[in-house]
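For reference, the structure is listed below as structure tokens.
Each reported figure results from applying straightforward, stated rules to the coordinates on display, with no laboratory input. These numbers come from a predicted model, not from an experiment. Don't worry about glycine lacking a Cβ; one is built from the backbone with ideal geometry, like all the others, and counts go over all protein chains shown.
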Amino acid sequence: MSTARSTRRRRFAASVLAATALVVTGCAGGEAAPEETGDGGAAEASPVTLTVATSQNEQTPNYFCGVELLKERLEGADMGFTVDLYPASQLGPDADRFPQVQAGDIDIDLQGASALSATYEPIGVVDAAYAFDDVDHAFQWIDESSEDLFTGFHEATGVNIVDGWFFGNRTFTTKDVEVTSPDDLAGVPIRFPNSPIFLANAEALGVTNPVSVAVEEVYTALQQGIAVGQENPIVATRSSSYDEVLNTAILNNHNVGIHWILVSDKTYDKMNDEQAALLEETIREIRPENRDCVDEATEEILDEYRGDDNFTVVETEDIDMDAFISQAEDFFGGYFTGENLEAYEAIRETAG
């Protein structure tokens, strides 16, 4: 599936050829071949310290059921790993961190496709509203159909997308605004992240008055009424305390939130093949556990909302989902062009 795996295989093949050449040269000169080391992995693993960054804080499942598990399992494997975690954008916002990933200064990063599209535009299509039917569709696409897009991303950036972890379905939360169709969003000031694909999502969903404030300013904007709603997975709404200000959750699930796990070629160069294989295997093993954790945390929060007389939950079955989905598909069919349109249509063709 991943570009990372094929890159590692090519590097391993090259190391085998190099080792073979050394053996032939050594035999011709009457000397013993040196002990194989490096990517071949025959020698003892060298210590490797991995720096892991994410914009998520410690209260989100992708931290305590994601990168913390990664740290625990890699360090517990006795393969030479030390893993340092930097949550809550401690190493800078997404846009500032990505060049550090490319340089190998940050070894593993979790980012959304909208942020990555600033460097490689086609990857942004995976964040289009209703591009995926649900998380099962998203994971099936990752496993079976993502290679072309991920290969293009790697060739353009030198960074591998190893896998994706579920962040939660993005939904609207508002102050006293109940939404059951796109028409209900006309004129309502809803905060969206300031990226082309998310602002396109606003238009695709019927939001005619999107508010683009920095993530650090969202809480204040909601408090002051600059925006009367925002869109995020429920777990992110809770971890950011937006539900202290807002009182209505609309479960329209317009986006399958995925955090893509990024590892650059420069980081792979720090590891032998056994270490690289363990890293990839561990990331993939965490994916279903992380999803279960996100689902459980989401339902716990929603149950709190449902039990609160001051909070309203607009359930999915009470929403005109066909209107949202068809409007988004019609919009993106005209919004995307060229390579982006091809990537979007390829995703939609894999829908059930």
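Under 22 Å from Asp127 (Cα atoms) and in contact with a Cys (Cβ under 9 Å, 6 or more places away or on another chain): is that true of Asn255 in this structure? It would help to see each step written out before you state the result.
Working: under 22 Å from Asp127 (Cα atoms): yes; in contact with a Cys (Cβ under 9 Å, 6 or more places away or on another chain): no.
No, not satisfied.
Could you figure out which of (1) of a type in the set (A, V, I, L, M, F, W, C); (2) outside any helix (DSSP H, G or I); (3) under 24 Å from Gly158 (Cβ atoms) isn't true of Ile283?
(2)
Give me a count of the residues in region 63-122 that are part of a strand (DSSP E or B), of a type outside the set (Val, Ile, Thr) and touching a residue at least 40 places away in the same chain (Cβ under 8 Å). Working first, answer last.
So in region 63-122, the residues part of a strand (DSSP E or B) come out as 81-86, 108-111.
Pick out the ones that are also of a type outside the set (Val, Ile, Thr) and you get 81, 84-86, 109-111.
Going one step further and asking which of them are touching a residue at least 40 places away in the same chain (Cβ under 8 Å), we end up with 81, 109-111.
Of the residues in that region, 4 qualify.
Residues that are assigned to a helix (DSSP H, G or I) and aliphatic (A, V, I, L, M): does region 244-262 have at least one? Give the steps one after another, and end with the answer.
At the first step, the residues of region 244-262 found to be assigned to a helix (DSSP H, G or I) are 244.
Next, only the ones that are aliphatic (A, V, I, L, M) stay: none.
Checking region 244-262: not a single residue is assigned to a helix (DSSP H, G or I) and aliphatic (A, V, I, L, M).
Only residues in region 252-272 that are touching a residue at least 60 places away in the same chain (Cβ under 8 Å) count as the first member; pair them with residues that are assigned to a loop (DSSP other than H, G, I, E, B) and acidic (Asp, Glu), Cβ under 6 angstrom, at least 6 apart or cross-chain, and list the lot.
That search, which allows pairs on different chains as well, returns Thr267/Asp107.
It is to be established whether one or more residues within region 141-151 are in contact with a strand residue (DSSP E or B) (Cβ under 6 Å, 6 or more places away or on another chain) and over 30 Å from Gly225 (Cβ atoms).
yes
Residues in region 69-88: is at least one closer than 30 Å to Glu329 by Cα and of a type outside the set (Phe, Trp, Tyr)?
Within region 69-88 (the criterion being closer than 30 Å to Glu329 by Cα and of a type outside the set (Phe, Trp, Tyr)), the answer is no, since none of the residues qualifies.
Scan Val207, Val235 and give me the residue that is more than 30 Å from Glu155 (Cα to Cα), hydrophobic (A, V, I, L, M, F, W, C), free of Cβ contacts under 8 Å to residues at least 60 places away in the same chain and surrounded by 21 or more Cβ atoms within 10 Å (Cβ to Cβ). Working first, answer last.
Numbers: Val235 fails: free of Cβ contacts under 8 Å to residues at least 60 places away in the same chain.
Only one candidate passes the filter, namely Val207.
Considering only region 203-226, how many residues are among the small types (Gly, Ala, Ser) and more than 22 Å from Ser55 (Cα to Cα)?
Qualifying residue count for the region: 3.
Check Phe332 against each of (1) out of contact with any Lys or Arg (no Cβ under 8 Å at 6 or more places or on another chain); (2) touching a residue at least 24 places away in the same chain (Cβ under 8 Å); (3) not in a helix (DSSP H, G or I) and name the one condition it does not meet.
Checking Phe332 against (1) out of contact with any Lys or Arg (no Cβ under 8 Å at 6 or more places or on another chain); (2) touching a residue at least 24 places away in the same chain (Cβ under 8 Å); (3) not in a helix (DSSP H, G or I), the one that fails is (3).
Mind checking whether some residue in region 163-173 is closer than 27 Å to Leu302 by Cα, of a type in the set (Ser, Thr, Tyr) and touching a Phe, Trp or Tyr at 6+ places or on another chain (Cβ under 7 Å)? Talk me through it step by step, then tell me what you get.
Pass one, region 163-173, residues closer than 27 Å to Leu302 by Cα: 164-173.
When the remaining residues are screened for being of a type in the set (Ser, Thr, Tyr), the result is 171, 173.
Checking the rest, the ones that are also touching a Phe, Trp or Tyr at 6+ places or on another chain (Cβ under 7 Å) come to 173.
There is at least one residue in region 163-173 that is closer than 27 Å to Leu302 by Cα, of a type in the set (Ser, Thr, Tyr) and touching a Phe, Trp or Tyr at 6+ places or on another chain (Cβ under 7 Å).
Scanning region 70-116 for residues that are touching a Pro at 6+ places or on another chain (Cβ under 9 Å) and among the hydroxyl-bearing types (Ser, Thr, Tyr), which turns out surrounded by the fewest Cβ atoms within 10 Å (Cβ to Cβ)?
So, considering only residues that are touching a Pro at 6+ places or on another chain (Cβ under 9 Å) and among the hydroxyl-bearing types (Ser, Thr, Tyr), the one surrounded by the fewest Cβ atoms within 10 Å (Cβ to Cβ) is Thr82.
Somewhere in region 165-180, is a residue small (Gly, Ala, Ser) and either surrounded by fewer than 19 Cβ atoms within 10 Å (Cβ to Cβ) or on the phi < 0 side of the Ramachandran plot (or both)? Spell out how you get there, then give the answer.
If we filter region 165-180 for residues that are small (Gly, Ala, Ser), which is where we start, we get 168.
With the extra rule that they be either surrounded by fewer than 19 Cβ atoms within 10 Å (Cβ to Cβ) or on the phi < 0 side of the Ramachandran plot (or both), the set shrinks to none.
No: region 165-180 contains no residue that is small (Gly, Ala, Ser) and either surrounded by fewer than 19 Cβ atoms within 10 Å (Cβ to Cβ) or on the phi < 0 side of the Ramachandran plot (or both).
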